[in-house]
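Report on the structure given below.
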Amino acid sequence: MKGKFYGVGVGVGDEEELTLKAVRILKEADILVLPEAKKSEGSTAFEIVKNYLREDAEKLFLEFPMLEDVKEKEKIRVENAKAIREELEKGKTVVFLTIGDPMIFSTYTYILEHLEETDVVETVPGITSFGSMASRLNIPLVIGDEDLKIVSLNKNTDIHKEIENNTNIVFMKLSRNFERLKKALEDTENLENSILISNCGKENEEIITDVANTEKVHYFSTLILKKGGLKKWKRFIS
């Protein structure tokens, strides 16, 4: 009998913020899939869930390198999916761990693209970086008739247009284009309406309220822009 493949979102660091369903599935896992950007880099996701695992659960580290070569990246993803399917054919319960939510900028979706219709798949949601950030800082993402857009920042992003057309914006993947973002926030007089967190949920987490005087940010950084203003919410930030 073929096994089942799960994608489990583990949030951003707090093991108490896992869903009850995620905990149950983790305890049933035969194999944990641990994605890495670099070989032997380790897994933050594993550190979050390690207290909920069976002692005999196997670890399967799969590398998803950040390459410019699209064909090479696709080849690696196909090979990784094949490795998972081989375990499913053995009847194993395979759990792919992913930081945040499995359906938001997650390597998990690259595996789903290469599974077969006959593979049994279930996805368990997790808390996103921006969801965690908003809750812990007591900043509502959306109120009333406001809108919210998630923007993955890249060299082609028209930042001024995004700011013009949306009430609230979550900017992700900031590091390579942070100066452009900061300039656009300045041009639109929104620097004071922005707040940023680097390494959300990690030991070296940094909350940045003074975006204007920040020069560089870590790769794992998220910025929330509320054009309606942050002043009345910042009183809750310690």
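Taking the Cα centre of segment 4-124 as origin, work out the dipole magnitude from +1 charges on Lys and Arg Cβ and -1 charges on Asp and Glu Cβ, in debye rounded to 20. Mind dumping the intermediate values first?
Values: 17 positive and 27 negative charges, 33 e Å.
Computed about the Cα centre, the dipole is about 160 debye.
So what is log10(I(q)/I(0)) for segment 4-124 at q = 0.21, 0.23 1/Å, when the Debye sum runs over its Cα atoms only?
The calculated log intensity ratios at q = 0.21, 0.23 Å⁻¹ are -1.26, -1.50.
Calculated from DSSP H runs of 4 or more alone, at -39500 (n - 2.57) each and per residue, what is the 222 nm mean residue ellipticity of the chain, nearest 500? Don't jump to the answer; show the numbers that get you there.
Details: 7 runs with 66 residues, N = 238.
It comes out at -8000 deg cm²/dmol, rounded to the nearest 500.
Charges only on Cβ, +1 for Lys and Arg, -1 for Asp and Glu: so what's the dipole of the chain about the Cα centre, in debye to the nearest 20?
With Lys and Arg at +1 and Asp and Glu at -1, about 280 debye.
Report, to the nearest whole %, how much of the accessible area of the chain belongs to carbon and sulfur atoms, 1.4 Å probe, protein only. Please list the in-between numbers first.
Details: 6310 of 13230 Å².
Ligands and nucleic acids excluded, carbon and sulfur reach 48 percent.
What are the equivalent ellipsoid semi-axes of segment 129-236, built from the alpha-carbon gyration tensor (square roots of five times its eigenvalues), in whole angstrom, biggest first?
Details: eigenvalues 64, 63, 33 Å².
Equivalent ellipsoid semi-axes, largest first: 18, 18, 13 Å.
Is there a pair in K73/K202; K155/K232; K27/K73; K183/K231 whose C-alpha atoms are over 23 Å apart, and which pairs would that be? Present the calculation step by step, with values, prior to reporting the outcome.
Numbers: K73/K202 28 Å; K155/K232 33 Å; K27/K73 32 Å; K183/K231 21 Å.
Cα-Cα > 23 Å for K73/K202; K155/K232; K27/K73; rest within.
Over the chain, what is the mean sequence separation of C-alpha contacts under 8 Å (at least six apart), divided by residue count, expressed as relative contact order in percent?
Working: 434 pairs, mean separation 50.7, N = 238.
Computed value for the chain: 21 percent relative contact order.
Using alpha carbon coordinates only, what is the Rg to Rh ratio of the chain, with Rh defined as the Kirkwood radius?
Computed over Cα atoms, the ratio is 1.01.
Based on the mean of other beta carbon atoms within 10 Å per residue, what is the order of 174-187, 69-82, most packed first? Display every interim value, and only then the final one.
On the way: 174-187: 16.8, 69-82: 13.6.
Ranked by mean Cβ neighbours within 10 Å, highest first: 174-187, 69-82.
How many Å² of accessible area per residue for the chain, probe 1.4 Å?
Values: 13230 Å² over 238 residues.
It amounts to 56 Å² per residue over the chain.
Over all directions, how big on average is the projection of the convex hull of the alpha-carbon atoms in segment 16-84, in square nanometres? Walk me through the numbers before you get to the answer.
Numbers: hull surface 21.8 nm².
Result: 5.4 nm².
Grab the other residues whose beta carbon is less than 12 angstrom from that of N193, score K and R as +1, D and E as -1, and report the net. Kindly include the intermediate steps, with their values, before the conclusion.
Details: positive: K226, K227, K231, K232, K234; negative: E186, E189, E192.
Residues near N193 contribute +2 overall.
Between the DSSP loop rule and a limit of at most 16 other Cβ atoms within 10 Å, which GluC sites (Glu not before Pro) in segment 1-49 are left?
E41
The values are calculated or read from the model by the stated rules, or taken from the named source; none is laboratory data. All values derive from a computational prediction rather than experimental measurement. Don't worry about glycine lacking a Cβ; one is built from the backbone with ideal geometry, like all the others, and counts go over all protein chains shown. Areas reflect the complete protein model, heavy atoms only, side chains present, ligands, DNA and RNA absent. Shrake-Rupley method; radii C 1.70, N 1.55, O 1.52, S 1.80 Å.
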